[in-house]
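A quick write-up on the structure given underneath.
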Amino acid sequence: MQRMRIRRVLATAGVVVFLAGAAACTAAPTTSTTQAPTSAAAESTESTQSPSATTTGEPGIGPECPEVNCFTVMVTGDMLFHEGLWKNFAIDAKTHDGENFDFDPLFAGQSDYIKQSDLAICHLETPVAKKGGPYSDYPIFNIPPEVVTAIKAVGYDACSTASNHALDQGTAGIERTLKTLDAAGLQHTGSYASESDSGSALVLSASGGKVALIQGTASLNGFVADESWQVDRFREGSAGEEDIAAAIAKAKKARADGADVVMGAIHSLQEYLTTADSYQIATAHEMADSGQFDVIYGHGCHCAQPIEYYKGTWIVYGLGNTVTESAGDVSRAVNDQGLTVRFQFAGDAAGSWKVSDVAWVASYNKQGSKYRWCSLGSDEPQGTCVSSSRDAAMRERVQKIVNSEGAVSKGLHEWLVTQE
């Protein structure tokens, strides 16, 4: 997939985003109108210096690069599939080379945003089944593997896999899911097929630099892994302290091995919260305080949550759902929405890196009557999702949540992809 180099002047500060998760699986979005992007913050915070200086002059894809080298990373929320969603994309395997589903139309709307990012990372909430099934949804998931093919086809580079549903199909489910990702050409982290794989962070390379991703989950829904190393964790209490220490050690190792920046991702447990819970705040802040994470982001809540600028670090507490079946219960309507966030990382000639831009866009899980990832951006890159007034109301609601911690004053802004 060819990606255009578009530049825009913006500057921000260090970033942390938080991955939160839960056991349930449905809800509907309510958003509100977003304002046009604010100008970049005057201040910018440098992250830990990378092991070696780079002077290649790679501006990356996205906003205008304020330093010698830049690259952008786009992150999205839960890929949450129930039968009520996947059945809409069934096709005849006899006439489609053995494929039982075509999910390409579901993800097509994300293409413009992925093209404006150097790297794109998803969160695969659940294990995948063998081709042809059997399939199952809540509470014990086993979803069609064609989902992975479509994720790769739209342009994602990697997916995280540690969630409260990671062990729904046991060790066999973990191994099958990772093999499916490998076959599609998607890198992954969070769950592992071997102990040796679990010992290092995932490192992704862009033309302008390298980013490490370390991801874990608060819960396994009561399941116990056959081996402690199979799923990375961010538990509560004293066990959580051990998990954070292990993540910090991984981050240090990744930097020593050549990563320029490190992102942390936490899949939390409590669902449908418009504010971050005490676990999310405490875990994200402790990780940020270590100085080892440039970004920490979260999903699992199945709803959009605030973005916070904490001591020079950005925290995105909840990205909501990327794709999902619509919630039948109006009280969980927030389930049907999500956030896409893009970070720009900028490195100077001496090898010191900072977060120079943070942009977000809200999304809805339908366009018209069809299940589609649909941007609620105020520039309407896909036209309307429901109607101009309903889209504006949903966008405004998400904007109020996202900006509730005052991060807009630090340069946080809506991502208007059509202006790039």
(request) For residues that are free of Cβ contacts under 8 Å to residues at least 60 places away in the same chain, farther than 28 Å from residue 210 by Cα and in contact with a helix residue (DSSP H, G or I) (Cβ under 8 Å, 6 or more places away or on another chain), tally how many sit in region 147-190. (result) 1
(message) Any residue at all in region 239-246 that's hydrophobic (A, V, I, L, M, F, W, C), more than 30 Å from residue 62 (Cα to Cα) and within 17 Å of the chain's Cα centre (by Cα)?
(response) no
(request) Report whether or not residue 106 is within 30 Å of residue 261 (Cβ to Cβ), crowded, with 24+ Cβ neighbours inside 10 Å, in contact (Cβ under 8 Å) with a residue 24 or more places away in the chain and of a type in the set (A, V, I, L, M, F, W, C). (result) no
(message) Need pairs with beta-carbon distance below 7 Å; first residue under 22 Å from residue 81 (Cβ atoms) and within region 288-308, second surrounded by 24 or more Cβ atoms within 10 Å (Cβ to Cβ) and of a type in the set (D, E, K, R); sequence gap 6+ or separate chains.
(response) 299/78; 300/78; 302/78
(request) Please give the number of the condition residue 203 fails out of (1) β-branched (Val, Ile, Thr); (2) over 21 Å from residue 321 (Cα atoms); (3) part of a loop (DSSP other than H, G, I, E, B). (result) (3)
(message) Criterion first (out of contact with any Ser or Thr (no Cβ under 6 Å at 6 or more places or on another chain) and at pLDDT below 95) does residue 331 satisfy it?
(response) yes
(request) Would you check which residues across region 364-392 are under 23 Å from residue 90 (Cβ atoms), in contact with a Leu (Cβ under 7 Å, 6 or more places away or on another chain) and surrounded by fewer than 24 Cβ atoms within 10 Å (Cβ to Cβ) and list them? (result) 371, 372
(message) If I filter region 93-125 down to residues being part of a loop (DSSP other than H, G, I, E, B) and touching a Gly at 6+ places or on another chain (Cβ under 9 Å), which single residue comes out as nearest to residue 171 (Cα to Cα)?
(response) 125
(message) Restricting to region 246-265, count the residues that are outside any strand (DSSP E or B) and under 21 Å from residue 355 (Cα atoms).
(response) 13
(request) State whether one or more residues within region 365-383 are within 22 Å of residue 211 (Cα to Cα), outside any loop (DSSP other than H, G, I, E, B) and of a type in the set (D, E, K, R). (result) no
(message) Which of the numbered conditions does residue 189 fail, given that it passes all the others? Conditions: (1) under 30 Å from residue 245 (Cα atoms); (2) out of contact with any Leu (no Cβ under 9 Å at 6 or more places or on another chain).
(response) (2)
(message) Condition (residue is within 28 Å of residue 264 (Cβ to Cβ) and of a type in the set (A, V, I, L, M, F, W, C)) applied to region 369-376: is it met by at least one residue?
(response) yes
(request) May I ask you to verify whether residue 243 is over 21 Å from residue 277 (Cα atoms), touching a residue at least 12 places away in the same chain (Cβ under 8 Å) and not polar (S, T, N, Q)? (result) no
(message) Looking at the structure I just gave you, is residue 232 at pLDDT 95 or above, closer than 15 Å to residue 160 by Cβ and buried (at least 24 other Cβ atoms within 10 Å of the Cβ)?
(response) yes
(request) Could you list, in sequence order, all residues of region 236-250 that are hydrophobic (A, V, I, L, M, F, W, C) and either at positive phi or surrounded by fewer than 24 Cβ atoms within 10 Å (Cβ to Cβ) (or both)? (result) 239, 244, 245, 246, 248, 249
(message) So if I check each of 179, 152, 131, which one is part of a loop (DSSP other than H, G, I, E, B) and surrounded by fewer than 21 Cβ atoms within 10 Å (Cβ to Cβ)?
(response) 131
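Just to check your reading of the model, which residue among 334, 358, 398 is crowded, with 22+ Cβ neighbours inside 10 Å, touching a His at 6+ places or on another chain (Cβ under 9 Å), part of a helix (DSSP H, G or I) and not basic (Lys, Arg)?
334
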(message) Quick check on this structure: which one of 373, 360 is modelled with pLDDT of 95 or more and either within 20 Å of residue 288 (Cβ to Cβ) or acidic (Asp, Glu) (or both)?
(response) 360
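The values are calculated or read from the model by the stated rules, or taken from the named source; none is laboratory data. Given the structure is predicted, the values throughout are model-derived calculations rather than measurements. Neighbour counts are summed over all protein chains in view; Cβ atoms, including those assigned to glycine, are modelled from backbone coordinates with ideal geometry.
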